[in-house]
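Report on the following structure.
Bear in mind these aren't lab numbers, they're just calculated from the coordinates by the rules spelled out. Treat the numbers as computed from the prediction; the structure is a model and nothing was measured. Methodologically, a virtual Cβ is constructed for each residue, glycine included, from the backbone with ideal geometry; neighbour enumeration extends over all protein chains shown.
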Amino acid sequence: MSSPGRFIRLALVFFPLGLIITSILSFGIWWQKRQAVDERSFAHASALRRDMTEMALARYADILREELQRAGAARLAAVASYMDSSMSPENMGFEPKRDRFFEAGQEFSNIEIELTGKQRPREVRLVLLMYGEVAHLHEEVQAIAGGMSLFHSIAGERGEATLRLAAVPLGVRDENQMTALQRLAAASAERQERIVCIWLLGGVAAPMVSEVRAAFRAEQTGVVIESLPATQDVSATLKQMRELKAAF
């Protein structure tokens, strides 16, 4: 007959081993389910993919122009809501991430839309839209419309690294006095991402390029920042977006 001491010793050996094996099997099952969900999501997004056309760009531009012509800060919130709904799983197949914050009781949002990389998800190439300067409304409309159309044309594609579109409102700060741009950079740093390249759309002026460099700590991180020239009509915007797509 086995002694109680021997039984306890065997239990101490095999019980932890069983837990380890069970944990490994559970993780494997979870990972397979996660991969299956991801594949279904990308298949759905691929079905919603649409080529870039002047007609689609013009439609986005007309709506964005109307939103950005609203009075006061409401125009900034309206653009975020429009991008969020237009690029949703039902319309373009994306899962927009919305970072909400408040200034003087008014809600604002950063919007991020991404194609997560398969091999290097924390290595990010960023297409950045900044909007809210009344004097540059026309250029901002073309830039946002171009960015939306560009990402619609690559919905469901999966590269090795992550490709992300982000839109941030200008001239507003959160309760900690951080700008929307600083919040975007801080969120990326918190996720421990490595931003390798940033394309700025809309003909961003030199002072704003400097703000982007500071927010993303370009001197320390080595991120490459390229400001693309503003476009004045849908034909020029379409040409620029096709060239940018080829650079991906």
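At a glance:
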{"read-out": "Ellipsoid semi-axes in whole angstrom, largest first, where each is sqrt(5λ) of the Cα gyration tensor of the stretch 43-161", "value": "25, 17, 12"}
{"read-out": "Potential extension, Leu170-Arg217 segment - 0.36 nm per residue separation minus Cα distance", "value": "15.0 nm"}
{"read-out": "log₁₀ of I(q)/I(0) at q = 0.13, 0.23 Å⁻¹ - the stretch 127-195, Debye sum with one point per alpha carbon", "value": "-0.48, -1.09"}
{"read-out": "Intensity falloff of the stretch 174-214 expressed as log10 I(q)/I(0), Debye formula with alpha-carbon point scatterers, at q = 0.18, 0.29, 0.32 Å⁻¹", "value": "-0.60, -1.13, -1.17"}
{"read-out": "Cubic angstrom per residue, convex hull over Cα atoms of the stretch 50-247", "value": "111"}
{"read-out": "Centroid-to-centroid separation of the stretch 186-247 and the stretch 129-185 [C-alpha atoms, Å]", "value": "9"}
{"read-out": "Sequence ranges 196-205, 236-245, ranked by mean other-Cβ count within 10 angstrom, highest first", "value": "196-205, 236-245"}
